[in-house]
Amino acid sequence: MTATPGTLPAPDPRPPAALYLHVPFCVSLCPYCDFVVVAGAATRGPASRVSAFVEALEVELRLRADALDAAFGRPSSGSRPPLASVYLGGGTPSLLPPDDVARLLGLAGSRFGLVGGAEVTLEANPGPDERGDAAALARAGVNRLSLGAQAMEDALLRRLGRRHSPDDVRAAVAEARAGGIASVSVDLLYDVPGQSLEAWQATLEGALELGVDHVSAYALTLDDPDAEGLTGPLGDHLPTRAGARRWREAAVREQDEDRASAQYRLAVARLAAAGFRGYEISNWARPGHESRHNLAYWRRLPHEAVGPGAHAFDGAVRRWNAARLDGYLAALSAASPSLPPGGSEAVHRAAAASEQAILGLRLDEGLGLGPASTEGSLLAPHLDWALDSGLLERFAGPAGEPRVRLTTDGRLLSNEIFARLV
Amino acid sequence: MSSAIPQVRLRNFSIIAHIDHGKTTLSDRLLELTHTIEARQMTSQVLDSMDLEKEKGITIKARAVRLEYTANDGLLYGLNLIDTPGHVDFSYEVSRSLQACDGAILVVDAAQGIEAQTLANVHLALREGLTIIPVLNKIDLPSAQPNVVLEELEAVLAIPREEVILASAKEGTGVPEILEAIVARVPPPKGSPEAPLRALVFDSHYDPYKGVVCYIRLAEGTLHDHDAIRLMASGAEAELLEVGFFRPQLVPVKTLRAGDVGYVATGFKNVREAQVGDTVTTVATPAAEPLPGYQEAKSLVFAGLYPVAGPDYPLLRDALEKLHLNDASFTFEPESSVALGFGFRCGFLGLLHMEIVQERLEREFDLDLIASAPSVEYHVNLIGNREPVVVDNPARFPDVGEIDSIEEPWVKLGVVTPDRYIGSLMELTTNRRGTFLTMEYLDPQRVHMHFELPLAELIVDYYDQLKTRTQGYASMEYEEAGYRAANLVKLDVLVNNEPVDALSLIVHRDRAQATGRALTTQLRKLIPRQMFEVPIQAAIGSHVVARETLAAMRKNVLAKCYGGDITRKRKLLEKQKEGKQRMKRVGSVEIPQEAFLAILRMDEG
């Protein structure tokens, strides 16, 4: 019996369903992080570039909206549905003054449209001087907070170069609830050097005690964007600092695949017992608290993106802004502003088919086995192999249709399947 | 270009030197000073034209160039420089080049002194009856100690110090004196231009337009550009397309005469029709006797070369044939392996030669190759009155029950080293079944040590170990020393309970277990985890002597995958996929290229 993924949507440009805003400021840099981040004087003090950046971000939002108006008509017109989600990521967007957040969200609403009850997420660090005023953020329109907790153990937080304590995480969640934030998520890290299975269990318990709605648990990943060639002038990553490089080289030697596997399995069991659904390889939610914005990525829905290093997708082309802040500000702060430097890549049909299969398999809703497209049938032998190896399982979808999804073993070894599907 | 320089004003010479003693820099200076190449066209290492030669800083192939030099006596001389390779693997090529010369410039580094290859090359040159012009190079270096080295030359090689020219090829000092010495000391070639043509082929390369281009030295006679020629050994005949000199690019002339060094473009499609060592004569007035030729290059190290992707086999065959046109010193014949499929058994002059051939095949022909562990050629005497067999592939070893006795090749090894490393080198060599013979002091700090050693022990990273243990100060050369009986066994490797014939080794019985342990440990590190547990065993016959277990892969997951990651992660996955495609699937296990050379890396721990 052959497993064949369903047919593809036509690769024509479509209007975005989601909007991402990248805010690249942090108080300090964490050595393992390879997101586009600047810190120090750029973030705080007299030389801060935050307000210049917010103005530039508004300019980019307008320019992107102009282009969408031209291509698809005004927001909420028949061919231009409003956004279902907005996501302020970083960096540490909770460092932005709430007024700026309100202005950005207002602009997003007027130029892109927002559905009623749209999900509006803001990423925050838990430290007292960086988590922001939850009540003010809620008034600005934020209804979901994603907290970079990472661990619930002091020693481990220090090892990771974090500025906060477990108590700060507790305070941040309490303030969010008191301020009226409807959905709270925490990020946690496993496969961290020096982190035993017991320590990981303590972190999971600590997070559950907070009564959060959503948990993202990530294996510490120490890729090298320089080696991948992503850090050039038009690249979407910044060069790795020497200190961070040394930290990563040392940390990688202390990572342990067997321990990481046990930690992941523990998370799967513990979070399920607490009523969370593992709806994606690294994401668990109480029912109704799944991240709508991130689901848009995994379902290959078109999304707009602004800010340095941000990636957008219109259903046919993946486009990104260059990571470097100077070039970004220069283009958008000019007397006659232009779109910032960056790059793009058309996703050809075969790549689209493999993307769809890979992203779909990250989710517990899995992959529908519909009538074969040419590209889809090329993937079929690999899905059969994964079924035989116990990495995939069959199940019936909501309408009784045949689908496949990863088993827990399959999630842990998902690259073995994905590398066959690309 | 004047080809009419009389024979009395021709000089044929080569430069012999230890690696890094400045042979290439001196060649560059000679080319410059004789205006063979104008300074503005001068790139360094003119004669090393292969990328690999420039990268590794070594000369792999012999090359020739004709210099025209107006000497202090006001007369124009034709100087033919025949370049020689510098690495110990290629001493065979050196002796070939020297046979085309009447003199040799011996370059010795004024800071380093005499090295093992210096001695070996001087002995080769003296055996050919060449006039030696000793040059002490790099006298500009602060660490130069000319007096010590001059004494060394006098004591060890009986070279009077007044004959030695002090030079710095880098700065150009002493180079005019060297040119004058070539004119004054090297005898002109002999041989009558009126006699029937006899020209020795000392090298060749294949050119797609000119066919096989033979590098020749005319011993007697005269060759015109449209003569019909015959190769006396192969019998092949050709209407010449072109004759000429090397400047160093090929420059056609009308005539080559006795004593000249030049080339003939034969139009042959197959280098076998004009083998190195053959004699060229004319069809019209053939010579009666060929010149004494060369001994054939002898392969000492053997390994299987296999395409990673089975369907590339015809491409590999094609690539080997083409490469062989330019490097006739390796051999190849088809073989097959249970583990690796169809490939070729290749013979090499040494381990460096093997690396170079593999690298050239991969680079110049865009192939992904797997080399099996290198082996030497064993003589196996069988039980009963049967003919002994010659085996260069452990996988083809006769069954233990069939074997009466085994003989393996030995070498005489010469090492020149600062005397503080004597103990360490004794240990290194005796640990590898070597025996120490004698040693003599070259100067108060440096000794020339003599060992005998099984060749099989030498080819497994002996040279690297020698360099490591002496911080690069020691040098070595070796020559064959016949076959000796040995207590050897075949060690098989099983991966996931399947024998992998390409990993089999021949080892001394006393060291079989230790080697088995080291090999399985190394393989456990080199083979990536699979989706199931994989036992790795070493066995003699059915007796397992070592076992390691490669744990199953537990985790291979991209933890994060959001908007910005999708393109990047797809590329990372594509890389993983390419990595897998470069591995060889043996049974259900994917084994990377480097695992097949694990035997060479066991000392890395």
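The values are calculated or read from the model by the stated rules, or taken from the named source; none is laboratory data. Here the structure is a predicted model, which is why all the values come from computation and not from measurement. Counting neighbours? That spans all protein chains shown, and the Cβs are built from the backbone with ideal geometry, glycine included.
The figures follow:
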| item | result |
| --- | --- |
| Filter pass, B:Val201 being hydrophobic (A, V, I, L, M, F, W, C), part of a strand (DSSP E or B) and modelled with pLDDT under 90 | yes |
| Any hit, the range B:218-225, residues being touching a Leu at 6+ places or on another chain (Cβ under 8 Å) and under 17 Å from B:Arg96 (Cα atoms) | yes |
| Only one of A:Gly109, A:Gly141, A:Gly148, A:Gly91 that is modelled with pLDDT under 95 and assigned by TED's automatic domain parsing to the domain that holds A:Gly194 | A:Gly91 |
| Tally of residues being more than 9 Å from chain B (Cβ to nearest Cβ) and part of a loop (DSSP other than H, G, I, E, B) across the range A:230-255 | 10 |
| Selected residue [among the small types (Gly, Ala, Ser) and without any contact (Cβ under 8 Å) to a residue 60 or more places away in the chain] from A:Ala330, A:Ala352, A:Ala323, A:Ala357 | A:Ala330 |
| Any hit, the range B:413-432, residues being surrounded by 15 or more Cβ atoms within 10 Å (Cβ to Cβ), farther than 23 Å from B:Gln117 by Cβ, over 23 Å from the mean Cα position of the chain (by Cα) and modelled with pLDDT of 95 or more | no |
| Qualifying residues in the range B:546-569 (those that are buried (at least 18 other Cβ atoms within 10 Å of the Cβ) and under 23 Å from B:Gln513 (Cβ atoms)) - the one farthest from the other protein chains (Cβ to nearest Cβ) | B:Ala546 |
| Of residues in the range A:17-46 being of a type outside the set (A, V, I, L, M, F, W, C), modelled with pLDDT of 95 or more and in contact with a Pro (Cβ under 7 Å, 6 or more places away or on another chain), the one nearest to B:Asp565 (Cα to Cα) | A:His22 |
| Search result, residues across the range B:305-325 that are part of a helix (DSSP H, G or I) and either of a type in the set (Gly, Ala, Ser) or crowded, with 17+ Cβ neighbours inside 10 Å (or both) | B:Gly310, B:Asp312, B:Tyr313, B:Leu316, B:Ala319, B:Leu320, B:Leu323, B:His324, B:Leu325 |
| Residue list for the range A:129-142, restricted to those being closer than 30 Å to A:Arg74 by Cβ and crowded, with 17+ Cβ neighbours inside 10 Å | A:Leu137, A:Ala138, A:Ala140, A:Gly141, A:Val142 |
| Leading residue by the ranking (farthest from the other protein chains (Cβ to nearest Cβ)) among those in the range B:522-545 that are of a type outside the set (A, V, I, L, M, F, W, C), in contact with a strand residue (DSSP E or B) (Cβ under 6 Å, 6 or more places away or on another chain) and in contact (Cβ under 8 Å) with a residue 40 or more places away in the chain | B:Gln537 |
| Hits in the range B:215-250 (condition: part of a strand (DSSP E or B), within 30 Å of B:Leu31 (Cβ to Cβ) and over 28 Å from the mean Cα position of the chain (by Cα)) | B:Glu220, B:Thr222, B:Leu223, B:His224, B:Ile229, B:Glu242, B:Val243 |
| Single unsatisfied condition, A:Ala357 versus (1) within 11 Å of another protein chain (Cβ to nearest Cβ); (2) in contact with a strand residue (DSSP E or B) (Cβ under 9 Å, 6 or more places away or on another chain) | (1) |
| Residues that are touching a Leu at 6+ places or on another chain (Cβ under 9 Å), surrounded by fewer than 22 Cβ atoms within 10 Å (Cβ to Cβ) and in a loop (DSSP other than H, G, I, E, B), drawn from the range A:107-128 | A:Gly113 |
| Residue in the range B:118-129 that is part of a strand (DSSP E or B) and either surrounded by 19 or more Cβ atoms within 10 Å (Cβ to Cβ) or out of contact with any Phe, Trp or Tyr (no Cβ under 6 Å at 6 or more places or on another chain) (or both) present | no |
| From A:Arg403, A:Arg318, A:Arg420, A:Arg394, residue being within 11 Å of another protein chain (Cβ to nearest Cβ), not in a helix (DSSP H, G or I) and not aliphatic (A, V, I, L, M) | A:Arg318 |
| From the options B:Thr36, B:Thr59, residue that is buried (at least 17 other Cβ atoms within 10 Å of the Cβ), within 23 Å of B:Val276 (Cβ to Cβ), among the hydroxyl-bearing types (Ser, Thr, Tyr) and at pLDDT below 85 | B:Thr59 |
| Per-region count, the range A:206-220, residues touching a residue at least 24 places away in the same chain (Cβ under 8 Å) and either within 11 Å of chain B (Cβ to nearest Cβ) or not in a loop (DSSP other than H, G, I, E, B) (or both) | 10 |
